[in-house]
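These notes concern the structure reproduced below.
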């Protein structure tokens, strides 16, 4: 499960995967393996040696007595579909989004063309650094939603691809 | 001395220049792009003017508009900071045409510094040892092959108009020559509008050591010691220190004199830096940086000399305030550049809004910053948001002080290079002073960063609790009233400003 968790105004990209009894939680790419135990009014969370008791009060999450304002923004699952390990699932739809906001300095695709997994779709420049956004799988380009030279926010869909 | 100075830059360096200028009784005129309307540097000026849309080409590089602001605001001089127009010889010449003093070297010396081959030739003529290479443009792959054979692999293609570590391409084997030649040329063309490249021998495990020089209007010159900037990633400096741990007092004196002599030979004036590679006990010339450097504060820390003040005095026609014999180096200083980049994810740019911010302080801790709580770090510019500079009596004391300062530096809302800096400062090679320009990638220092700080662990706990408890649907899309909790310190400060600690009773918002 992937979502953005905004804690006290600071957004974090979160991915949670159940593994056996426990969870694997990735916060902005860093991995944690918390063990949780839920009771009627609280959840106990253990990460390594640290224990925390977490209660919920309206829009606030209270950790060991400290309240934090928390908002969850669910990401469209298709948006961040991961590249299938083997051959792409035929007709799976990918919405390609950038890893950060930036300016489109090069657009290497147009609707209708076929791309191979790893081909560069666009080059995005942020903070004077150029980042190549690759195709997640072998695909046909259905839509291109940005223009060369355009500055785009981090949650903008760059292109829609269909796996072939 | 000038009465009005235009500062043609943004962020921490604009604020840093303004701080000294205002202290000298000079009124500061700032500029800002549409992306920087509410930026901290705008508030540091006596007046500020909008100069155009966010892309640098339309604002901070917009010569016509910046000169227009200078005219309209009655500026007598322009300080370019670093980056943007700082090394643009045409801009320096335009300033002179308009009767404005450009705070930096004369346009001709700047053009010479910017042309790598011309600078190498001038330095070699002045008796400065240069890195082995060819002093002419390499025009064909055959020519490159013959030169590389003669120099011995590995070799390095460099853009003659290059700078900032861009346009360099290393070649280990003849088979790589063609691809490197072509990529170096295309990168050079894209970045500098000039595809010409030349070849140097690539020096492995070299240290990057540079000398700070001041040259007065009548060529009275002195050097303020060296800075070691070997901690780099992709030729971008991350951490700098002075004195350089590996060199002796005699080497310092010798290389300092060489640097002054070399800049004099270029007809250079004002503050400038000569970069060298140090390898096998010898120095070879690398390039001239004709500007105030990002890392200038470490020199200020150990010498007590305000480099911006010297720049302004020299630009106004005065001599340097001190002579070589008056330069004394005390203690050891280190600077960490704080970039809005995520070191855990390959230094991915991390623009965004700063939701919480608290700087370190204490004896011999200096923070030059361009941000505060609520600031927006735009994607359009350089990722450098702040610099932490510390000084200690010894190198190990400075390292300890830096670790404490970084641990106290809280920046929330964007990812920063602080976790990388902390890992570097703990690394035994760094602690020993065993430094070389590719150490960050050779030692995989960033790749070994896995976890993050206590704040992220708390977020992981919250995420786990939500998933195991009420579920994410219970929190989806709710907008809490208060997005960030102001610290009680900030509230106390505000109460004080409003007239005494108890003048305003805290009250709860309904």
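The values are calculated or read from the model by the stated rules, or taken from the named source; none is laboratory data. None of these values were measured; they are calculated from a predicted model. Glycine gets a Cβ as well: all are built from the backbone with ideal geometry, and neighbour counts include every protein chain shown.
Candidates B:344, B:260: the one that is within 14 Å of another protein chain (Cβ to nearest Cβ), in contact with a strand residue (DSSP E or B) (Cβ under 8 Å, 6 or more places away or on another chain), over 17 Å from residue B:391 (Cα atoms) and outside any loop (DSSP other than H, G, I, E, B) is B:344.
Looking at region A:29-42, which of the residues that are in contact with a helix residue (DSSP H, G or I) (Cβ under 7 Å, 6 or more places away or on another chain) and not in a strand (DSSP E or B) is nearest to residue B:349 (Cα to Cα)? Going through the qualifying residues, I end up with A:29.
Working only within region B:365-398, note down all residues that are surrounded by 20 or more Cβ atoms within 10 Å (Cβ to Cβ) and part of a helix (DSSP H, G or I). Of everything in region B:365-398, just one residue is surrounded by 20 or more Cβ atoms within 10 Å (Cβ to Cβ) and part of a helix (DSSP H, G or I), namely B:398. The set of residues from region A:2-27 being facing chain B (nearest Cβ under 7 Å) and on the phi > 0 side of the Ramachandran plot comprises A:8, A:9. When region B:354-366 is limited to residues that are within 11 Å of another protein chain (Cβ to nearest Cβ) and within 15 Å of residue B:418 (Cβ to Cβ), the one that is farthest from the chain's Cα centre (by Cα) turns out to be B:356. Could you pull out the residue among B:383, B:351 that is within 19 Å of residue B:229 (Cα to Cα) and within 14 Å of another protein chain (Cβ to nearest Cβ)? Criteria check complete, one pass: B:383.
Go over the candidates A:149, A:154, A:102 one by one and state the one that is at pLDDT 85 or above, surrounded by 13 or more Cβ atoms within 10 Å (Cβ to Cβ) and within 14 Å of another protein chain (Cβ to nearest Cβ). Working first, answer last.
Values: A:149 fails: surrounded by 13 or more Cβ atoms within 10 Å (Cβ to Cβ); A:154 fails: at pLDDT 85 or above.
Residue meeting the stated conditions: A:102.
Looking at region B:320-341, which of the residues that are surrounded by fewer than 16 Cβ atoms within 10 Å (Cβ to Cβ) and not in a loop (DSSP other than H, G, I, E, B) is farthest from the other protein chains (Cβ to nearest Cβ)? Residue satisfying both the conditions and the ranking: B:325. Being facing chain B (nearest Cβ under 7 Å), under 30 Å from residue B:376 (Cβ atoms) and in a strand (DSSP E or B) holds for only one residue in A:45, A:61, and it is A:61.
Please work out which residue is surrounded by the fewest Cβ atoms within 10 Å (Cβ to Cβ), limiting yourself to region A:118-137 and to residues that are within 10 Å of chain B (Cβ to nearest Cβ) and assigned to a strand (DSSP E or B).
Taking region A:118-137 as the starting set, the residues that turn out to be within 10 Å of chain B (Cβ to nearest Cβ) are A:124-131.
With the extra rule that they be assigned to a strand (DSSP E or B), the set shrinks to A:124-126, A:129-131.
On the way: A:124: 25, A:125: 17, A:126: 26, A:129: 18, A:130: 13, A:131: 18.
Looking at the filtered set, the residue picked out is A:130.
Restricting region B:419-470 to residues that are within 23 Å of the chain's Cα centre (by Cα) and within 14 Å of chain A (Cβ to nearest Cβ) leaves a set whose member that is surrounded by the most Cβ atoms within 10 Å (Cβ to Cβ) is B:420. Look at (1) loosely packed, with under 15 Cβ neighbours inside 10 Å; (2) within 14 Å of chain A (Cβ to nearest Cβ) and you find that residue B:404 fails only one, number (2).
For residue B:317, the conditions (1) surrounded by fewer than 23 Cβ atoms within 10 Å (Cβ to Cβ); (2) in contact (Cβ under 8 Å) with a residue 60 or more places away in the chain; (3) in a helix (DSSP H, G or I) all hold with the exception of (3). Scanning region B:148-163 for residues that are over 30 Å from residue B:254 (Cα atoms) and either touching a residue at least 60 places away in the same chain (Cβ under 8 Å) or surrounded by 17 or more Cβ atoms within 10 Å (Cβ to Cβ) (or both) turns up just one, B:148.
Residues that are over 17 Å from residue B:132 (Cβ atoms) and at pLDDT 90 or above number at least 2 in the following strands (runs of 3 or more DSSP E) confined to region B:152-236: B:207-215, B:221-233. Please go through region B:280-304 and pick out each residue that is out of contact with any helix residue (DSSP H, G or I) (no Cβ under 7 Å at 6 or more places or on another chain) and either modelled with pLDDT of 95 or more or assigned to a helix (DSSP H, G or I) (or both). Result: B:284, B:289, B:291, B:293, B:294, B:295, B:297, B:298, B:301, B:302, B:303, B:304.
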